[in-house]
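Working notes, structure below.
The values are calculated or read from the model by the stated rules, or taken from the named source; none is laboratory data. On a predicted model such as this, the values are computed, not experimentally measured, just so you know. When we count neighbours, we look across all protein chains shown, and the Cβ atoms used for this are built from the backbone with ideal geometry, even at glycine.
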Amino acid sequence: MLEIPAYYFRQPPVETSPATIAGFERLYREYVAPGGGLEIPYDLAAPRWQFLCYVCNHKNILLHGSAERNITEFEPRQSNDVDEFGNRRAVYAASDGLWPMYFAIVDREKVSSLINACFQVIGPDGVKSEPYYYFSITGEALADNPWRDGMIYLLPGATFEPQPLQDIGGVPIEVAQWASLVEVTPLAKLAVTPADFPFLKQVYGHDPAATMEKVRANPQGFPWHE
């Protein structure tokens, strides 16, 4: 069994009461399913990330987080990633409700380097583990309130392909990253703030120069945790 290092975060407990699920279904039915790209007027007691996780898990929905609040169409762009799948000209999205929040709320004018991950371990019986996360930003920016309000875009999954399974010590790992090689029109969007991100106070800091030295010395050593 693969032992996950303690520096990875685990997904907080999720509310699954019938009333909460009914609320998620109502928002999906009224604002996501029709399309149109409208902003969802979130009015539920459950945290926003739980609604986002729900639509990822139960609907054919993927998510993209951004500081831009009025994107009407996503066009493929060249990414910059150490992984081949994530280093293509594509529209990238996540099949998880928490991971894209990180991208939506990080202030890129203050933060020059990001290290992050979201994955599940697939057991011998095919059952997936709970999601694991890693979030780190430029260390010197942590003291400078490097956060902003952002937007999560809910995208139709039809044109996306999942990142191939990774093999870690003989154990399959499913990364929650998907890519579309064609443009994608959002179905809806949901505003988020730093307070909506449950790992806000736990985000790690790293030295970009020192991290690059670690990458060169050990390209497979992700996340090069300090």
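Go through the residues of region 137-154 one by one and say whether even a single one is modelled with pLDDT of 95 or more, surrounded by 20 or more Cβ atoms within 10 Å (Cβ to Cβ) and part of a loop (DSSP other than H, G, I, E, B).
yes
Pick from region 118-136 the residues that are assigned to a loop (DSSP other than H, G, I, E, B), surrounded by fewer than 20 Cβ atoms within 10 Å (Cβ to Cβ) and at negative phi: which of them is nearest to the chain's Cα centre (by Cα)?
If we filter region 118-136 for residues that are assigned to a loop (DSSP other than H, G, I, E, B), which is where we start, we get 123-127, 129-131.
Subset that is surrounded by fewer than 20 Cβ atoms within 10 Å (Cβ to Cβ): 123-127, 129-130.
Subsequent filtering for residues that are at negative phi retains 123-125, 127, 129-130.
Working: GLY123: 22, PRO124: 26, ASP125: 26, VAL127: 21, SER129: 17, GLU130: 14 Å.
For region 118-136, the residue satisfying everything is GLU130.
Can you tell me how many residues within region 14-46 are part of a loop (DSSP other than H, G, I, E, B), closer than 17 Å to HIS58 by Cα, without any contact (Cβ under 8 Å) to a residue 24 or more places away in the chain and within 22 Å of the chain's Cα centre (by Cα)?
Counting residues in region 14-46 that are part of a loop (DSSP other than H, G, I, E, B), closer than 17 Å to HIS58 by Cα, without any contact (Cβ under 8 Å) to a residue 24 or more places away in the chain and within 22 Å of the chain's Cα centre (by Cα) gives 1.
Do the conditions hold for ALA104, that is, is it in contact with a His (Cβ under 7 Å, 6 or more places away or on another chain), at pLDDT 95 or above, buried (at least 16 other Cβ atoms within 10 Å of the Cβ) and outside any loop (DSSP other than H, G, I, E, B)?
Considered against the rule, which asks whether it is in contact with a His (Cβ under 7 Å, 6 or more places away or on another chain), at pLDDT 95 or above, buried (at least 16 other Cβ atoms within 10 Å of the Cβ) and outside any loop (DSSP other than H, G, I, E, B), ALA104 comes out as no.
All but one of (1) modelled with pLDDT of 95 or more; (2) within 27 Å of ARG77 (Cβ to Cβ) hold for GLN202; which doesn't?
(2)
Does MET212 meet the test of being of a type outside the set (D, E, K, R) and assigned to a helix (DSSP H, G or I)? So that I can check it myself, show each step before the final result.
Numbers: of a type outside the set (D, E, K, R): yes; assigned to a helix (DSSP H, G or I): yes.
Answer is yes for this residue.
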